[in-house]
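What follows draws every value from the coordinates through simple rules; no lab data is involved. What you see is a predicted model, and the numbers here were worked out from it, not measured in a lab. A quick note on method: Cβ atoms are made from the backbone with ideal geometry, for glycine too, and the neighbour counts reach across all protein chains shown.
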Amino acid sequence: MRQPSPPAFPSAARNLAAIGRRFYARGWVLGTSGNFSTVVSRRPLRLAITASSVNKGELRAAHILHMNDAGKVLGRRAAQPSAESLLHLEIVRRTGAGAVLHTHSIWSTMLSDVHAARGGLALEGYEMLKGLEGVRTHEHREWVPIVENDQDMTRLVRVVGAALAGRDGGAPPRAVLLRRHGLYTWGDTLAVAERHVEILEFLLETVGRTPASGSPAPV
């Protein structure tokens, strides 16, 4: 399938900033948590990505950086992208994604811990699964790998990269959870990636509020 043409950097910056404010309002990226990116060039690979340590409720286009394929900021900008920018690059390279979004919601943080021993979390039988790209029926099982969080970013990139290959020869995942950290998901375009966040955050909260799931009790 032909990949959509990347957006120009100014448009990408405005759209990422707007998504950040929307996600903040939903409680998915409180404070300075979370980071977002979208591809603005494939050859050479360039991303528009959020600067580090910016409150997402106050995110503006000026807080979006232009980054190369080595994780370095282009242009004369003192701000730095998150160290997790290397994860964005890894996901883009391995999946061909056009955008990567990382949230720190309560439910993704809790469930990534509760289900860590299983190596992942299965989401199945829910109508909302049809909001994920390529899913046509609620009779679908979406496996979301859970990997240990790690301050060694080179090692974490390697572990996440392995998780993106799929489980036991199955389909590659559409998302990854970092234990006690949050959710990474992606899509061919920024709009698809945003929809994936909305769908997955809904499903994670649903699972978390269902006592029979073995997850935390409702609050």
Sorted by average packing, counted as other Cβ atoms within 10 angstrom per residue and highest first, what order do 128-137, 195-204 take? 195-204, 128-137
Could you work out how far apart the two model spin labels at residue 180 and residue 8 are, taking each label as a point 7 Å from the Cα in the direction of the beta carbon, and quote it in nm? 4.6
Distance between modelled label sites at residue 162 and residue 140, nm, 7 Å Cα→Cβ extension: 2.8
Listed peptides 51-61, 96-106 by packing density, highest first (mean Cβ within 10 Å): 96-106, 51-61
Given only helices, namely DSSP H runs of n ≥ 4 each adding -39500 (n - 2.57), what is the per-residue ellipticity at 222 nm of the chain, to the nearest 500 deg cm²/dmol? -10000 deg cm²/dmol
